[in-house]
Amino acid sequence: MKSKISVIVGALALAVAAKSSADPVPFYSVNGTGGTGGGTTGVTVTPSTSPSSSSALTDLGASTQFSFGTGVNGVAGESILNSATGQSGNGYLAGTMGTQGSLTAFTLTMWINMTNTATVNNYRIFEISAGSNPATAGDGDKLFFGLNSGGGIQARVNGLQNNDVAGANTWNGNGSAIAQNTWYFVAIVYDTNATSQVLYTGGVSNAVASQYTFGNGAAGALDLSSVTSIALGDKFAGGRNWPGAVDDVNLYSSALTQSELETIRTAQVSAVPEPSTYGIAAGGLALVGAMGFRRRRANAAKA
């Protein structure tokens, strides 16, 4: 009996380990968890995962406008909220990101929630630039993500691309407008070998789907071999505030598949473990407990 229980427990451990090892691991990750401040005291957010020499992200704008909101998983304080109505202020969260090397492929994922859709125009959400917290750096020196003047997603690598999902009411290429107070999962997958970057989107209850393909052109590898600066919620120069929230911003050092992106989306939506893994574990542990109970009863009967 003991050997059978050991086999069951061992098999369960291997199943859980296999599931965990298959999940993509980011080299840089930031959300509201680990943040401090809010209201009139300013906001600082420490990345949960980052290369060495990385720093916390701090509001470097002229006025305080960031706070912490409810995350995509429904947990309070997990998202970073920009309370500005859009393009009227110059607040942004910024810090440094340590060296990561030169990436011929990478993936950027995040959740975005637009709380004001009155004017969908030129919002800047994410930027990596050379140097340390450049107050007047141009958009997309290394990596840029935001919306264009028509409200469509815009992505650039190494400042050489100006790739848009063009036109109003086509924010992700599927012919529909971005909705107010709605969480969207967004992923940019970049691979120089594939000469393309692909936009994927999903939602709280919608699986990840491929939406749009950009050309790479001469953008080349993303060079993060020196300490760079990173900004959320606006561009470094200000004046293009994202009127809403962001959550679970992650950078991966490979071009993730649609299946891997769906694993990430599913895990981030829920604050509880995925039933596919832990349901099996719970069932197995219940079986082990039942077997142990039967063994104790048998031993008692023999006494």
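The values are calculated or read from the model by the stated rules, or taken from the named source; none is laboratory data. Model, not experiment: these values are computed from the prediction. Because the Cβ atoms are built from the backbone with ideal geometry, glycine has one as well, and the counts that use them run over all protein chains shown.
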Quiz item: From the list T266, T201, which one is under 27 Å from T170 (Cβ atoms) and modelled with pLDDT of 95 or more?
Solution: T266
Practice problem: Filter segment 54-81 down to residues that are at pLDDT below 85 and of a type in the set (S, T, N, Q) and give me whichever is farthest from F27 (Cα to Cα). | Solution: S63
Quiz item: Restricted to segment 184-211, and to residues that are polar (S, T, N, Q) and in a strand (DSSP E or B), which residue is nearest to S29 (Cα to Cα)?
Solution: T201
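Which residue out of A94, A118, A187 is of a type in the set (A, V, I, L, M, F, W, C), under 16 Å from W242 (Cβ atoms) and at pLDDT 85 or above?
Numbers: A118 fails: at pLDDT 85 or above; A187 fails: under 16 Å from W242 (Cβ atoms).
Answer to the check: A94.
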Exercise. Inspect all residues belonging to segment 235-245 and state whether any of them is under 20 Å from the mean Cα position of the chain (by Cα), modelled with pLDDT of 90 or more and farther than 16 Å from Y184 by Cα.
Key: no
Practice problem: Tell me which residues, restricted to segment 224-241, are on the phi > 0 side of the Ramachandran plot and surrounded by fewer than 23 Cβ atoms within 10 Å (Cβ to Cβ). | Solution: G238, G239
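Only one residue in P51, P47 is under 20 Å from the mean Cα position of the chain (by Cα) and either closer than 16 Å to F126 by Cα or at pLDDT below 85 (or both), so which one is that? First the steps, then the outcome.
Working: P51 fails: either closer than 16 Å to F126 by Cα or at pLDDT below 85 (or both).
When all the criteria are applied, what remains is P47.
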Quiz item: Is one or more of the residues making up segment 33-44 modelled with pLDDT under 90, in a helix (DSSP H, G or I) and of a type outside the set (A, V, I, L, M, F, W, C)?
Solution: no
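Against the condition in a strand (DSSP E or B) and at pLDDT 85 or above, how does T99 come out, does it pass? Give the steps one after another, and end with the answer.
On the way: in a strand (DSSP E or B): no; at pLDDT 85 or above: yes.
No.
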